[in-house]
Amino acid sequence: LGPASARAAPSAAPVVAAERAFAADGLRLGVRDSFLKWSAPSAIVLAPDPANAQAVWRPRPSDASGPPLAWWPLWAGIARSGDLGFTTGPYTYDGKPGGYYFTVWKRQGDGAWRWIFDSGPPSSPEGAAPPGSPARLAATSTEAPLHPGTAFAQVARLEADLAQAAMTEVPAAFMKVMAADGRVVGSRAAPDNSPAGQAAELQRRPRSIAFRPLGGEASAAGDLVWTYGEARWTEAAGPRRGHYARIWQRRAGGWVLLFDELLAVPAR
């Protein structure tokens with residue numbers, strides 16, 4: 001086989017298929033057992049702080065007979081190396097509209113897909129395509145392979161610069177690195193993959209946010225990186241904190257931010 005840059009880019013269809021199988025098991029097995037079945041041993045959930053998913057779900061009782069949690073992917077992406085991807089879409093609980101989910105997926109050594117990060121931005125599902133609709137697939141990077149350690153280090157430097165700029169002006173800091181087809185979420189507004197939608201969502205955020213990275217991973221081809229971390233800001237009612245999760249993609253012009261979510265820890 002030739003170099004990765006000369007081969008056809010993979011489709012995110014396998015990630016979408018994994019998400020749909022996970023969702024089907026959610027209805028068949030219940031939330032607890034499906035989350036345990038489809039999560040990697042090191043998978044992370046926000047509960048409300050980052051925690052091991054297996055440790056969070058294993059002690060809980062089976063809820064197979066409880067109210068159904070249904071979700072379906074409407075947007076997805078995959079690394080050029082075919083080992084790292086993401087999906088996001090609406091969910092309902094007991095038949096009632098909820099918000100959106102966001103899941104990061106990784107192909108395991110045995111070839112199976114397991115999720116490694118799962119969260120739930122409160123984006124409005126109003127107007128979203130119904131279950132069974134085709135998922136829109138983000139364009140896969142066509143860049144030559146880069147060592148994953150080098151890729152993650154490059155993104156870490158970008159995130160440090162972003163964090164510095166976000167201390168004074170959040171909208172300008174993010175718009176500088178956003179992909180034109182990227183998504184920013186965190187409020188109850190419906191998601192919008194356009195520069196205008198990104199700008200509108202960023203205007204809903206605090207003007208100053210302090211970010212602290214906690215982790216993440218790069219794809220084997222070094223073209224896709226996911227990160228997560230802590231966020232702190234101040235509102236009229238006082239200090240608040242939460243977490244972020246991001247998807248970075250390497251394109252011809254350099255790294256761009258394809259997905260960003262900011263989730264507040266519920267106020268007590």
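Between the residues G186, H147, W115, the greatest Cα displacement towards the positive end of the dipole of segment 85-194, with unit charges on the Cβ of Lys, Arg, Asp and Glu, is found for W115.
Just checking the listed ones, A138, A160, A218: in the Gaussian network model of the chain with Cα springs under 10 Å, the one fluctuating most is A160. Here's the picture: charge each Lys and Arg Cβ at +1 and each Asp and Glu Cβ at -1 in the chain, and of A163, G82, G253 the one pushed furthest to the positive end of that dipole is A163. Of the GluC sites (Glu not before Pro) in segment 118-206, the ones in a loop by DSSP (not H, G, I, E or B) with at most 14 other beta carbons within 10 Å are E126, E169. Let me make sure I get this right: for segment 107-215, a, b and c are the square roots of the gyration tensor eigenvalues over alpha carbons, sorted descending. Under 1.5 in a/c it's rounded, otherwise prolate if a/b > b/c, else oblate. Which is it? Note, shape of segment 107-215 comes out oblate.
Taking the Cα centre of segment 94-188 as origin and charging only Cβ (+1 Lys, Arg; -1 Asp, Glu), how large is the dipole, in debye to the nearest 20?
Numbers: 9 positive and 9 negative charges, 27 e Å.
The dipole magnitude comes to about 140 debye.
Rounded to the nearest 500, the helix-only mean residue ellipticity at 222 nm of the chain stands at -7000 deg cm²/dmol, with each DSSP H run of n ≥ 4 adding -39,500 (n - 2.57).
Ignoring aspartates and glutamates fewer than eight residues from K176 along the same chain, the ones with Cα atoms less than 18 angstrom from its Cα are E159, D161, D192, E201, D260, E261. Within segment 8-86, the ratio Rg/Rh, alpha carbon atoms throughout and Rh by Kirkwood, equals 1.01.
Assigning unit charges at the beta carbon (Lys, Arg +1; Asp, Glu -1) and nothing else, what dipole magnitude in debye, to the nearest 20, does the chain show about its Cα centre?
Values: 28 positive and 23 negative charges, 39 e Å.
Result for the chain is approximately 180 debye, rounded to the nearest 20.
Think of segment 1-153 as a dipole: +1 on every Lys or Arg Cβ, -1 on every Asp or Glu Cβ, centred on the Cα centre; then among F22, Y91, A70, F22 lies furthest on the positive end. Amide H contacts for Q108 (H built 1.01 Å from N in the peptide plane; partners 5 or more residues away or on another chain; cut-off under 5 Å): W113, R114.
Under the Kirkwood approximation for Rh and a Cα-based Rg, what ratio Rg/Rh is obtained for segment 1-148?
0.99
Considering only alpha-carbon pairs that sit under 8 angstrom and 6 or more positions apart, the relative contact order computed for segment 137-268 is 26 percent.
When the residues K96, K37 are ordered by accessible surface, computed with a 1.4 Å probe over the protein chains alone, the sequence from largest down reads K96, K37.
Rounded to the nearest 20 debye, the dipole magnitude of segment 221-268 is 100 debye, with +1 charges on Lys and Arg beta carbons, -1 on Asp and Glu beta carbons, and the Cα centre as origin.
The values are calculated or read from the model by the stated rules, or taken from the named source; none is laboratory data. As the structure is a prediction and not an experimental result, all values here were calculated from the model. Note that each Cβ is placed from the backbone with ideal geometry, even for glycine, and that neighbours are counted across all protein chains shown. Ligands, DNA and RNA are stripped out before the accessible areas are found, and what is left, the full protein with its side chains, is counted by its heavy atoms. Shrake-Rupley method; radii C 1.70, N 1.55, O 1.52, S 1.80 Å.
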